[in-house]
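Read-outs: derived from the displayed coordinates by stated rules, not from any lab. No experiment lies behind these values; they were computed from the predicted model shown. Cβ atoms come from the backbone with ideal geometry, glycine included; neighbour counts cover every protein chain shown.
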Amino acid sequence: MKSVGVLLLLVGLLTFWTELPAATVLKQVKAGTCPPDYTKCYRGQTDECATDYDCKEQKKCCDCHFAMRCVEAAEA
């Protein structure tokens, strides 16, 4: 009987764990799309951000001029 309880607990935790990343990804993306970047990368630069929420206001974290930078969204 104890093994059934442990099994149900493990299944419940596994279900919770698989839903967790989906919830955190939703918080990392702001409205709009990144503008196109037609610059060819010759030398890497230091990234300014990793996710949209590293940027202030409504700016998005986009690939721009050799690195990830906070820029205005192309569409809202």
Check your understanding: Ordered by packing density, taken as the mean number of other Cβ atoms within 10 Å over each peptide's residues, highest first, how do 54-61, 29-36, 43-50 rank?
Key -> 54-61, 29-36, 43-50
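Please give the net charge around Cys70, taking every other residue with its beta carbon less than 15 angstrom from that of Cys70, where Lys and Arg add +1 and Asp and Glu add -1.
On the way: positive: Lys30, Lys56, Lys59, Lys60, Arg69; negative: Asp37, Asp47, Glu48, Asp52, Asp54, Glu57, Asp63, Glu72.
That sum, taken over residues with Cβ under 15 Å, equals -3.
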